[in-house]
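I have a structure here, written as structure tokens, and I will follow up with some questions on it.
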Amino acid sequence: MRTIPPALAAELASGATTLCRCWKAIRRDGTILGFTDHDRDLSFSAVIFQAQSGLEATEAEASLGLAVGGAEITGALMADAIREEDIAAGLWDFATVETWLVDWRDVTRRLLLDTGHIGEIRREGERFTAEVRSLAHVFDQVQGRRYEAQCDAALGDARCGLDLSLPSRRTGITVVILTGPASFSFVSQTSFAAGVFTGGMVARTAGASSSWNAPVMGHVRIGSHDQITLWAPPPSPLIVGQQLTLTVGCNKHFATCRDRFGNAARFQGFPHIPGNDFAMSYVRQGEAGLDGGPLK
């Protein structure tokens, strides 16, 4: 049960309140920022809560037990606080957000309403919408290994063991054609097989937002060109002549690990487990694969 401070309880009971909401955000890099929906800045706990931020919040949803509740915060991208390049760089991913109910006449009369983490962030032009998930969402995360046919390692990590710095796995390219806000084509002296960069990463080598990197949604060959499609446009548009670095991708299948990378011995999945259809089926006399021999 939540205990409301007596002074704030009296203010709530008066019927005429002077309340606002404040949000304290702690990013992954340790940066602490404060925002309020009041019309002037407020300060408490050594944090200045900025007004004029354009932040608004939906009604918070709470549930009994361990069901994940939450809310959404919408606002404008601001150069001095919430920048598009910081969102693209992942600095706001899983940031901690405290939501406070505050009497703006006397900030000592305040109540911590909720603590959560930033989940999905959607951008629409100069505005963003951030999902704030309750702490219960941590219980929905996978802990330990997953028993599944596909590999659960990240390409190039310690469990995978591949060296992604090799020329056959990472290459510098130059944008020659812009085919859309989130797609481009390039020409390389190396003949890459279609799809080799699908699921990989693209990064800027230099220039605006040089720290930007993003996953590749698709890679196809069109004539002498390779076309790359991203999941979302970069924070600052690409230009013809832009220098980029492409890293190969992996679809997590055993055949890809074996044939493309020659890394079958370190495959971090269970490729021979039976699927649902096999597990629910029954034996048919003479059916292949049921002779007691090894699976291939």
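The values are calculated or read from the model by the stated rules, or taken from the named source; none is laboratory data. None of these values were measured; they are calculated from a predicted model. Ideal geometry is used to build each Cβ from the backbone, glycine not excepted, and the neighbour counts take in all protein chains shown. With ligands, DNA and RNA removed, areas are computed over all heavy atoms of the protein, side chains included. Shrake-Rupley method; radii C 1.70, N 1.55, O 1.52, S 1.80 Å.
Report the FRET efficiency, 1/(1 + (r/R0)^6), for Met217 and Ala194, where r is their Cβ-Cβ distance and R0 is 22 Å, rounded to 0.05. Intermediate values should be presented prior to the final figure.
Values: r = 14 Å, r/R0 = 0.63.
Taking R0 as 22 Å, the efficiency between Met217 and Ala194 is 0.95.
How large is the charge dipole for segment 148-260, taken about the Cα centre, if only the Cβ atoms of Lys, Arg (+1) and Asp, Glu (-1) carry charge, to the nearest 20 debye?
Details: 8 positive and 6 negative charges, 26 e Å.
I would put it at about 120 debye.
Let me ask you something else. Kindly state, to the nearest 0.05, the FRET efficiency for Arg284 paired with Arg159, given R0 = 35 Å and r defined as their beta-carbon distance.
Values: r = 39 Å, r/R0 = 1.10.
Taking R0 as 35 Å, the efficiency between Arg284 and Arg159 is 0.35.
So, by mean Cβ neighbours within 10 angstrom, what's the order for 274-287, 159-172, 235-248 with the highest one leading? List each step's numbers first, then the result.
Working: 274-287: 8.0, 159-172: 13.8, 235-248: 16.6.
Highest mean packing first, the order is 235-248, 159-172, 274-287.
Another question, then. Given the whole protein assembly as supplied and a 1.4 Å probe, what does the accessible area of Arg122 come to in Å², nearest 10?
80 Å²
Would you kindly calculate the translational diffusion coefficient of segment 88-199, applying Stokes-Einstein with the Kirkwood radius from alpha carbon pairs, for 10 °C and a viscosity of 1.306 mPa s, and quote it in µm² s⁻¹ without decimals? Show your work: numbers first, answer last.
Numbers: Rh = 19.6 Å.
Calculated translational D: 81 µm²/s.
Starting from the alpha-carbon convex hull of segment 218-272, give the projected area averaged over all orientations, in nm².
Mean projected area for segment 218-272: 6.1 nm², to one decimal.
Another question, if that's okay. Note the full-extension length gain between Arg28 and Glu85 as 0.36 nm times their separation in residues minus their Cα-Cα distance, in nm to one decimal. Don't jump to the answer; show the numbers that get you there.
Values: separation 57, 0.36 × 57 = 20.52 nm, distance 1.46 nm.
The Arg28-Glu85 span can extend by a further 19.1 nm.
Tell me, what does the Kirkwood hydrodynamic radius of segment 157-270 come to in angstroms if you use every pair of distinct C-alpha atoms? Present the calculation step by step, with values, prior to reporting the outcome.
Values: mean 1/r = 0.0679 Å⁻¹.
14.7 Å is the Kirkwood radius here.
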